[in-house]
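> Can you keep this structure in mind? I'll have questions shortly.
The values are calculated or read from the model by the stated rules, or taken from the named source; none is laboratory data. This structure is a prediction, so every number in the text was calculated from the model and none was measured. All Cβ positions, glycine included, derive from the backbone under ideal geometry; neighbour counts span all protein chains shown.
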Amino acid sequence: MAKYLFLRLLDAIPTVFLVLTLVFVAMRILPGDPALAVLGANADGGQLEAFREKMGLNDPLWLQYLNFLWDAVRLDFGNSLMNDQPISRMIANNLPHTIYLTLLSVLLGLSMGIPLGVIAARNRNRPPDSALRIYSLMGYAIPDFYLAAILLVVFSLNLGWFPINGEGEGFWDGLHHLILPALTLALLKSAFLGRLTRTSLLEVLGRDYIRTARAKGAQEGRVVFHHGLRNAMLPLSTGIGISILATLSGSVAVELVFNRPGIGRLLIDAITERDYPVIQAGVMMFAFFVILVNLAMDVVYLIVDPRIRIKS
C-alpha cells in the first residue's frame with residue numbers, strides 16, 4: 001500500500017510542474033502591463049521602468065521562469081501588486097471559507113444524491129426513477145451561477161430565510177450564511193451522484209451473486225445495501241472525487257454571487273486588477289487541491305477494492 005501511494009505521489013510531480021509552467025506562460029501572454037495596472041495611467045516612464053525592475057519583469061524569460069519555480073517550491077508567493085500585502089496571509093484568510101463551502105456542499109450532495117440513486121434503482125422504470133432522470137437532466141443543464149442567483153432571489157430576497165451575502169460572525173451565524181451557497185452546489189452535485197448511484201447499483205443488482213442472495217431468502221434491504229451498494233462503491237468513489245473537484249471549481253461562481261470571501265473570489269479580483277502574483281498563487285492552490293483529492297481517491301480505492309492492494 002505504501003509503495004502504491006508513493007508511486008502515485010511521484011506521478012503527481014509532473015502534473016505540478018506542468019501546472020506551474022502553464023500558469024507562468026498564461027501570466028506572460030495576458031494583455032496589459034502589470035506596471036501600468038498598479039501605478040495607473042498617470043505614472044511616468046521612469047516610475048514604470050523602476051517598478052518593472054523591482055518586480056524582475058525586465059529579466060529574461062528563462063530567468064523569470066527559474067525564479068518562479070524556486071519561489072513556488074519554497075511556497076514563497078511574494079506580495080500583492082495592488083496592496084503590497086503578503087499573498088500567503090491573503091490565502092490564509094480566504095482559504096478556510098472555500099474549504100468550509102466545499103466540505104458542506106459535498107456532504108449535502110452525498111446525503112441527497114446517494115439515497116435518491118438507491119430509491120431510483122429499487123424502482124426502475126417507475127415514477128421515482130423517472131423523477132430522478134428529470135432531476136439529473138436539470139442538474140446537468142443549469143449553470144451553478146444561475147441556480148445561485150435563483151436561490152438568492154427566492155430564499156434571501158423574497159422569503160428572507162437566509163442572509164443575502166457575507167460570511168457572518170461566529171459559528172452559527174457563519175453556518176447560516178453558508179447554507180444557501182452550499183445548497184446551491186449540493187443540488188447540482190446530488191443530481192450527478194444520484195444518477196451515478198442508480199447506474200452503478202443497477203449493474204451490481206443484475207449479477208449472479210445478487211440473484212443467489214435473493215434465492216436464499218435474504219431481505220431486500222440487506223441485498224441492496226450490504227451486497228449491492230457496497231460493491232457499487234468503486235465507480236461511485238470515482239464520481240465522488242469528480243464531484244469534489246467540480247464543487248471546488250463551482251465555488252468560484254458561488255462566492256461571487258453570494259459575495260463571500262474565498263480563494264475563488266480572491267482569484268477573480270486578482271484577474272480584474274492584473275495582480276499576477278495573486279493569480280499565480282490562486283491557480284497553484286486549486287492545482288494543489290486537485291492533486292490532493294486525486295491522492296485521497298487513491299486511498300479510497302485501496303480500501304474499497306483490495307485487488308488494487310494486492311497488485312501494488
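> Filter segment 43-55 down to the residues that are touching a helix residue (DSSP H, G or I) at 6+ places or on another chain (Cβ under 6 Å) and either closer than 15 Å to MET27 by Cα or modelled with pLDDT of 75 or more (or both) and list them by number.
Residues of segment 43-55 that are touching a helix residue (DSSP H, G or I) at 6+ places or on another chain (Cβ under 6 Å), as a first pass: 47-48, 51-52.
Once the filter is applied, which keeps residues that are touching a helix residue (DSSP H, G or I) at 6+ places or on another chain (Cβ under 6 Å) and either closer than 15 Å to MET27 by Cα or modelled with pLDDT of 75 or more (or both), segment 43-55 yields only ARG52.
> Which residue out of ASP71, ASP76 is more than 23 Å from VAL257 (Cβ to Cβ), outside any helix (DSSP H, G or I) and among the acidic types (Asp, Glu)? Give the steps one after another, and end with the answer.
On the way: ASP71 fails: outside any helix (DSSP H, G or I).
The unique qualifying residue is ASP76.
> How do the pairs read when you match residues in segment 143-158 that are within 14 Å of ASN259 (Cα to Cα) with residues anywhere that are aliphatic (A, V, I, L, M) and exposed (fewer than 15 other Cβ atoms within 10 Å of the Cβ), using Cβ under 8 Å and keeping only pairs 6 or more apart or on different chains?
Here the result reads LEU152/ILE164; SER156/ILE164, each pair linking segment 143-158 to a residue that is aliphatic (A, V, I, L, M) and exposed (fewer than 15 other Cβ atoms within 10 Å of the Cβ).
> Of all residues in segment 56-102 being of a type in the set (A, V, I, L, M) and touching an Asp or Glu at 6+ places or on another chain (Cβ under 8 Å), which is nearest to VAL290 (Cα to Cα)?
Residues of segment 56-102 that are of a type in the set (A, V, I, L, M), as a first pass: 57, 61, 63, 66, 69, 72-73, 75, 81-82, 87, 90-92, 95, 99, 101.
Right, trim to touching an Asp or Glu at 6+ places or on another chain (Cβ under 8 Å) and you get 81-82, 101.
Working: LEU81: 27, MET82: 28, LEU101: 16 Å.
Step by step, filter segment 56-102, then rank; the result is LEU101.
> While we're here: For the subset of segment 139-158 comprising residues that are under 14 Å from LYS189 (Cα atoms) and surrounded by 13 or more Cβ atoms within 10 Å (Cβ to Cβ), which member is nearest to the chain's Cα centre (by Cα)? Full working, then the answer.
Our first condition is that a residue be under 14 Å from LYS189 (Cα atoms); within segment 139-158, this holds for 139-145, 147-148.
Within this subset, residues satisfying the condition of being surrounded by 13 or more Cβ atoms within 10 Å (Cβ to Cβ) are 139, 142, 144-145, 147-148.
On the way: GLY139: 17, ILE142: 18, ASP144: 13, PHE145: 15, LEU147: 17, ALA148: 16 Å.
Once the filter is applied, the top-ranked residue is ASP144.
> Can you name the helices (runs of 4 or more DSSP H) wholly within segment 119-223 that have at least 3 residues being of a type outside the set (A, V, I, L, M, F, W, C) and within 27 Å of SER237 (Cβ to Cβ)? If you could, list the steps in order and put the result at the bottom.
Details: elements: 127-141, 144-151, 171-205, 208-215.
Answer list for segment 119-223: 127-141, 171-205, 208-215.
> Within the bounds of segment 72-79, is there any residue that is among the β-branched types (Val, Ile, Thr), out of contact with any Phe, Trp or Tyr (no Cβ under 6 Å at 6 or more places or on another chain) and touching a residue at least 24 places away in the same chain (Cβ under 8 Å)? Break it down stepwise before answering.
Narrowing segment 72-79 to residues among the β-branched types (Val, Ile, Thr): 73.
Still in the running and out of contact with any Phe, Trp or Tyr (no Cβ under 6 Å at 6 or more places or on another chain): 73.
Checking the rest, the ones that are also touching a residue at least 24 places away in the same chain (Cβ under 8 Å) come to none.
Checked against the condition, which is being among the β-branched types (Val, Ile, Thr), out of contact with any Phe, Trp or Tyr (no Cβ under 6 Å at 6 or more places or on another chain) and touching a residue at least 24 places away in the same chain (Cβ under 8 Å), segment 72-79 yields no hits at all.
> Here's a follow-up. Before we move on, is THR98 of a type in the set (Ser, Thr, Tyr), at pLDDT 85 or above and touching a Gly at 6+ places or on another chain (Cβ under 8 Å)? First the steps, then the outcome.
Details: of a type in the set (Ser, Thr, Tyr): yes; at pLDDT 85 or above: yes; touching a Gly at 6+ places or on another chain (Cβ under 8 Å): yes.
So THR98 fits the description; yes.
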